[in-house]
Amino acid sequence: MERMVKQYIDDQVMVFIAVDVEVYELNHNCVTEVGVAILDLSKGNTKNTKPSGRHFRVKEYMHLKNGRFVDDASEKFEFGESEILTLKECANEVKTIFERYGDKAVFVGHDAANDVRYLRQVGVELPEELPTADTLTLWKISHGEDAPSTLGNLLIECDITSWNLHNAGNDAYYTVQVLMAMYGKFESKE
């Protein structure tokens, strides 16, 4: 898998689409946020290419706040303006993004299986053949099973300054940065 992702990055023809899903900590059936970050390498120039980020807050569950077990950063998107959408609108936006890039798309996640499961829960079915880069898996392959592997740990290890983790938009953006930093493709310090 590591070789496959490196090949995609080196070929500069892929569009990396990171998705992060936040759920209510007391009921994981309630998806409260969806974050998407897009890093389009199909135009070349990877050193200067920055991801674009989006953050969707789910209208039906805006009243649910985390904070007991994980920080509530739902109102602290660092890479643009949050969008308030219904669950159905969120699902449609995510589907549209993947459809737009077609066979150039690579799904990126940190512990991607969880995000795929939550996306399914809201009605987004990613194609089986969609290439996937899971930063958690890649990190464990390259650093060992016992290496600290939360997104926060990886950001520290990759020397990436981060703010307001557990905001789905921020986490998606940082996940793309971690993937690229793992392969030394751009300067990760802000």
Is it the case that region 32-54 has a residue that's charged (D, E, K, R), more than 23 Å from VAL106 (Cβ to Cβ) and not in a strand (DSSP E or B)?
no
Do we find that VAL23 is β-branched (Val, Ile, Thr), in contact (Cβ under 8 Å) with a residue 24 or more places away in the chain and not in a strand (DSSP E or B) in this structure?
no
Note down all Cβ pairs under 8 Å where the first residue falls in region 153-166 and is over 20 Å from GLU75 (Cβ atoms) and surrounded by 16 or more Cβ atoms within 10 Å (Cβ to Cβ), the second is at pLDDT 95 or above and small (Gly, Ala, Ser), and they're at least six residues apart or on different chains.
LEU155/SER162
PHE107 versus (1) in contact with a strand residue (DSSP E or B) (Cβ under 7 Å, 6 or more places away or on another chain); (2) aromatic (Phe, Trp, Tyr); (3) part of a helix (DSSP H, G or I): which is the lone unmet condition?
(3)
Which of the residues that make up region 66-104 are among the basic types (Lys, Arg) and closer than 17 Å to ASN170 by Cβ?
LYS76
Can you pull out every residue in region 101-125 that is of a type outside the set (Gly, Ala, Ser), touching a helix residue (DSSP H, G or I) at 6+ places or on another chain (Cβ under 6 Å) and either more than 18 Å from VAL176 (Cα to Cα) or surrounded by fewer than 20 Cβ atoms within 10 Å (Cβ to Cβ) (or both)?
ASP111, VAL122, VAL124
Exposed (fewer than 13 other Cβ atoms within 10 Å of the Cβ) and closer than 18 Å to LYS76 by Cα, is that true of THR175?
no
With the condition kept exactly as written, say whether any residue in region 47-60 is within 18 Å of ALA112 (Cβ to Cβ) and modelled with pLDDT under 95.
yes
Out of all the residues in region 62-80, is one or more more than 26 Å from SER149 (Cβ to Cβ), assigned to a strand (DSSP E or B), at pLDDT 95 or above and over 16 Å from the mean Cα position of the chain (by Cα)?
no
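The values are calculated or read from the model by the stated rules, or taken from the named source; none is laboratory data. The structure presented is a predicted model; accordingly, all values stated were derived computationally and were not measured. Note that we place each Cβ from the backbone using ideal geometry, even for glycine, and neighbour counts take in every protein chain shown.
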